[in-house]
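All remarks here apply to the structure that follows.
The values are calculated or read from the model by the stated rules, or taken from the named source; none is laboratory data. From a predicted model like this one, the values you see are computed outputs, not experimental measurements. For neighbour counting, all protein chains shown are included, and Cβ atoms are generated from backbone atoms with ideal geometry for every residue, glycine included.
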Amino acid sequence: MSCSSSSHSRRARAVLVRAAVVLSCAIALPAFATTPIKVTSKAAPDGPIRYTVKVTSKLYGNSQETRTLRSGDTDDFTWRTQPPGGAVPVAQSCPDYGSLPLDANGAMVRQTQVRLAPIVAADGTANVQVSFRAQAPRGKPASGGSCPEVVAHSEVLHFSMPTNGTVKTVTLSDGTQLAISAQR
């Protein structure tokens, strides 16, 4: 009698274990189910946006470049171009020699730097801070001199613009024009 009783309890225990496994699977499987993906036509405001920056300046030259940025990122656009008449020789004894934009031969060239820092709002409008800095030699050094006259300009601007490709043009206090567009 003890044999049939113990085999009966083993069978009952096996049935209970199977039931517990089936029940736990039934409860756990919905937890692994994925939620449906909702497709929208709107891009996230912090998604990548292509910014084109164009500089038009009689003094510092014309430059243009396009880069991709995310909201909250900053990027520095730097251009070095030959001034009219070519690079200007500069002696190492000139004031601020270490901060002058020089070519491979140590002659001064024009340099334009634009730092772009956009933050895109939920409605897709970019609030932009632009820092502009430029240096250029003005003419050749005076006869007998070795240091050219250096012209420099620095300015910071804040403005809002759409991210639909429309160009925003701003004029700096020295007459330099910046044309910036943003396209998702």
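Just to be sure, is V109 surrounded by 18 or more Cβ atoms within 10 Å (Cβ to Cβ), in contact with a strand residue (DSSP E or B) (Cβ under 6 Å, 6 or more places away or on another chain) and modelled with pLDDT under 95? Taking the combined requirement at face value, the residue does not satisfy it. Restricting R50, R13, R80, R67 to residues that are among the charged types (D, E, K, R), at pLDDT 65 or above and assigned to a helix (DSSP H, G or I) narrows the list to R13. If only residues of segment 126-156 that are under 30 Å from Y97 (Cβ atoms) and of a type in the set (A, V, I, L, M) are counted, the one that is farthest from the chain's Cα centre (by Cα) is A142.
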